[in-house]
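*Asks:* Sharing a structure below in structure tokens format, with a few things to ask.
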Amino acid sequence: MNNRIEILKGIHPGRLIERDLKKRSVTQRSLAGKTNIHYQTINAIIGGKRDLTIEQAIEIEKAMGYEYGFLSLLQTHYALRNYRDKELSALFSGTPNIRKSLFWDADFDKINWAEHKKAVINRVMERGNKAEIKEIRRFYKLVPHE
């Protein structure tokens, strides 16, 4: 189980459940019937709009043949990742004043500036002009090399 958790760590358990239901040609309504969890709840979990409770995780694990505690661990790792992402994004709010064309290979408006800090700094240092380098130093509170 540990190897599988390492691979899936950080994804919402609903995505795994959805994938496995499709593989087995099982409907959400059928899973709801086997687990005594409302269909709407199953649908919200699979859509990532609702987290799994311990009780729901155990019922789904039994119905789908997962190892005991597997979905609960996956849910915990997902919650930890969300918490870490919120912490990081609070550190660097807003967007640095740099050209969008520096990040031609990414959707500029969706860049997670905290999570990709190293890559952003490297890209701007390699391809940015002096003003952009100065802006990145300001944005990330870096000490300039002089």
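No value in this document is a laboratory result; all are computed from the given coordinates. Every value quoted in this text rests on a predicted model; they were computed, and no experiment measured them. Please note: Cβ atoms are built from the backbone with ideal geometry, for glycine as well, and neighbour counts cover all protein chains shown.
*Asks:* Summing Lys, Arg as +1 and Asp, Glu as -1, what charge do residues with Cβ under 15 Å from the Cβ of V26 carry, V26 excluded?
*Replies:* Details: positive: R19, K22, K23, R24, R29, K34, K62; negative: E18, D20, E59, E61.
Combined, the nearby Lys, Arg, Asp and Glu give +3.
*Asks:* A further question follows. What does the charge add up to near K9, with Lys and Arg as +1, Asp and Glu as -1, over the other residues with Cβ less than 14 Å from its Cβ?
*Replies:* Charge balance near K9 sits at +2.
*Asks:* Now, a different point. Sum up the charges of everything whose Cβ sits under 15 Å from the Cβ of K110, counting Lys and Arg as +1 and Asp and Glu as -1, but leave K110 out. Write down the numbers at each step before the final one.
*Replies:* Values: positive: K100; negative: D85, D105, D107, D109, E115.
In short, -4.
*Asks:* Between M64, M125, A114, whose Cα lies farthest towards the positive end of the dipole of the stretch 23-146 when Lys and Arg beta carbons carry +1 and Asp and Glu beta carbons carry -1, centred on the Cα centre?
*Replies:* The Cα lying farthest towards the positive end belongs to M125.
*Asks:* If you average the alpha carbon positions of the stretch 1-74 and of the stretch 94-146, how far apart do those two centres end up, in angstrom?
*Replies:* Each part's Cα centre sits 39 Å from the other's.
*Asks:* Then there's this: How far is helix 70-91 tilted, in degrees, relative to the longest principal axis of the Cα atoms in the chain, given as a value from 0 to 90 rounded to the nearest 10?
*Replies:* Once rounded, one gets 20 degrees.
*Asks:* How large is the translational diffusion coefficient of the stretch 92-139 in µm² per second when you combine the Kirkwood radius over alpha carbon pairs with Stokes-Einstein at 4 °C and 1.567 mPa s? Intermediate values should be presented prior to the final figure.
*Replies:* Numbers: Rh = 10.7 Å.
Translational D for this selection: 121 µm²/s.
*Asks:* From the P(r) of the stretch 2-90, could you give the percentage of C-alpha pairs in the tail past 23 Å?
*Replies:* Across the stretch 2-90, Cα pairs with separations above 23 Å total 19 percent.
*Asks:* Tilt of helix 13-24 relative to the longest C-alpha principal axis of the chain, in degrees (0 to 90, nearest 10)?
*Replies:* Roughly 50 degrees, rounded to the nearest 10.
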